[in-house]
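Down below is the structure, laid out as structure tokens.
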Amino acid sequence: MIEIHLFEQLVAFASCGTLSSAAEQLHISQPALSRSMQRLEEELGVKLFDRQKSRLSLNENGELAVRYARSLLMQENSMIEQIREFDRKKRTISV
């Protein structure tokens with residue numbers, strides 16, 4: 001199973017446009033983020049980036065992965081909110 005933080009990092013890269021900016025936003029080192037993106041590619045079994053000299057950009061696979069990652073992260077946040085709300089209501093009723 002792919003760890004959720006890899007999708008968070010992919011979305012950060014897509015939003016920031018560069019590894020260095022995304023790493024700064026995520027408070028991790030650029031080499032650590034680069035390794036994470038390589039790991040995500042390995043886990044998915046496809047290349048997500050076009051790599052040129054000192055430039056990394058999303059390819060079509062990467063663009064599709066970002067769309068799915070954003071959706072997945074929104075669903076994760078929604079799930080957490082709904083479970084917490086359910087718990088609050090349950091505790092209010094039992095008081």
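The values are calculated or read from the model by the stated rules, or taken from the named source; none is laboratory data. The shown structure was predicted, so the numbers you read here are calculated from the model rather than taken from an experiment. Heavy atoms of the whole protein, side chains included, go into the accessibility calculation; ligands, DNA and RNA do not. Shrake-Rupley method; radii C 1.70, N 1.55, O 1.52, S 1.80 Å.
Couplings for region 7-24, taken from phi via the Karplus curve 6.51 cos²θ - 1.76 cosθ + 1.60 with θ = phi - 60°, read 5, 4, 5, 4, 5, 4, 4, 4, 6, 8, x, 9, 5, 5, 5, 5, 4, 4 Hz in order; Gly and Pro are left as x. Once the 1.4 Å probe is applied to the protein heavy atoms, the chain comes out at 72 Å² accessible per residue.
Compute the Cα gyration tensor for region 1-73, then decide on rounded, prolate or oblate, letting a ≥ b ≥ c be the square roots of its eigenvalues: rounded whenever a/c is under 1.5, prolate when a/b is larger than b/c in the other cases, and oblate in all that remain.
Values: a/c = 1.38, a/b = 1.13, b/c = 1.22.
Verdict is rounded for region 1-73.
The phi torsions of region 42-55, fed into the Karplus equation with coefficients 6.51, -1.76 and 1.60 and a -60° offset, translate into couplings of 5, 5, 7, x, 9, 7, 9, 10, 9, 10, 10, 3, 6, 9 Hz, rounded to whole numbers, with Gly and Pro shown as x.
Taking amide hydrogens as placed 1.01 Å from N in the peptide plane, the amide H of residue 58 sits under 5 Å from those of 50, each at least 5 positions away in sequence or on another chain. For residue 46, no residue 5 or more places off, or on another chain, has a built amide H under 5 Å of its own. For the chain, adding -39500 (n - 2.57) for each run of n ≥ 4 DSSP H residues and dividing by the number of residues yields -25000 deg cm²/dmol at 222 nm. Shown in residue order for region 59-69 are the 3J(HN,Hα) couplings computed by the Karplus curve 6.51 cos²θ - 1.76 cosθ + 1.60 at θ = phi - 60°: 8, 4, 4, x, 4, 5, 4, 5, 4, 5, 4 Hz (x for Gly and Pro). Measuring nothing but protein heavy atoms, the accessible surface of region 16-95 at 1.4 Å probe radius is 52 percent carbon and sulfur.
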